[in-house]
Amino acid sequence: MEKCSCNSGLEYKDCCEPCIKGTGPAQTAEAIIRARYTAYVRGAVDFILSSTHPDRRSECDEKAIKEWSANSQWEGLKIISTSKGGVNDEEGEVEFIASFSENRIKKDLHETGMFKRIDGAWYYLDGKIHPQKPFIRKESKVMRNDPCTCGSGKKFKKCCMVE
């Protein structure tokens with residue numbers, strides 16, 4: 001039993017495989033983003049290109065997609081929310097976070113993707129990237145000339161600071 005990479009909890013053969021292999025269409029916008037994520041994990045560049053809206057395919061860089069797919073360690077997909085994109089809709093939005101590592105650096109792609117259905121098939125149209133939130137230190141930073149946190153009475157730089 002091989003779990004699907006999209007974190008649906010389903011087996012790959014019952015989840016994204018039919019969509020990626022072309023034996024069954026994605027029924028919803030969420031299903032197409034799950035299949036696209038799984039295609040990145042598996043290096044299925046042809047599916048990534050074919051599931052991009054026809055008006056946007058010329059903007060796709062097949063070589064860059066292939067390199068990103070192959071050179072990343074894909075760590076999971078989290079669906080945040082969906083708006084429309086159901087079985088009876090013609091367009092929809094899915095907010096998601098795709099987690100991956102490049103060169104051992106963990107990254108999150110947080111995006112709201114826009115999808116459109118044409119002749120019963122869902123396509124990725126465009127996306128809005130959500131900027132990462134800045135790191136905010138919860139505790140105050142100990143400065144060199146502050147009293148050492150160990151309680152010795154010495155300055156931090158003369159006591160516990162490691163240089």
Item checked: Residue list for region 73-96, restricted to those being farther than 21 Å from D108 by Cβ, touching a residue at least 24 places away in the same chain (Cβ under 8 Å) and not basic (K, R) -> G85, G86, V87, D89, E90, E91, G92
Check: Has region 116-130 got at least one residue that is farther than 30 Å from E91 by Cα, touching an Asp or Glu at 6+ places or on another chain (Cβ under 8 Å) and not acidic (D, E)?
Finding: no
Checklist line | Condition broken by S99, with the remaining ones in (1) touching a helix residue (DSSP H, G or I) at 6+ places or on another chain (Cβ under 7 Å); (2) polar (S, T, N, Q); (3) open to solvent by less than 80 Å² (accessible area, probe 1.4 Å) satisfied | finding: (1)
Check: Given (1) part of a loop (DSSP other than H, G, I, E, B); (2) exposed (fewer than 12 other Cβ atoms within 10 Å of the Cβ), where does S152 come up short, assuming only one miss?
Finding: (2)
Margin query: Pull out all pairs, ordered by first then second residue, where Cβ-Cβ is under 9 Å, the residues are six or more apart or on different chains, the first lies in region 1-27 and is acidic (D, E), and the second is open to solvent by less than 30 Å² (accessible area, probe 1.4 Å) and at pLDDT below 95.
Written below: E17/G24
Margin query: I need every pair where a residue in region 107-119 that is of a type in the set (G, A, S) has its Cβ under 7 Å from the Cβ of a residue that is crowded, with 16+ Cβ neighbours inside 10 Å, sequence separation at least 6 or different chains.
Written below: G113/I33; G113/E93; G113/V94; G113/F96; G113/Y124; G113/G127
Next item on the list: Look through E139, E93, E111 and report the one residue that is under 28 Å from D46 (Cβ atoms) and open to solvent by 50 Å² or more (accessible area, probe 1.4 Å).
Entry: E93
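The values are calculated or read from the model by the stated rules, or taken from the named source; none is laboratory data. Predicted, not measured: the structure shown is a model, and the values here were computed from it. No Cβ is skipped: glycine too gets one built from the backbone with ideal geometry, and neighbour counts run over all protein chains shown. Each accessible area value is taken on the protein alone, full model and side chains, heavy atoms only, with ligands, DNA and RNA left out. Shrake-Rupley method; radii C 1.70, N 1.55, O 1.52, S 1.80 Å.
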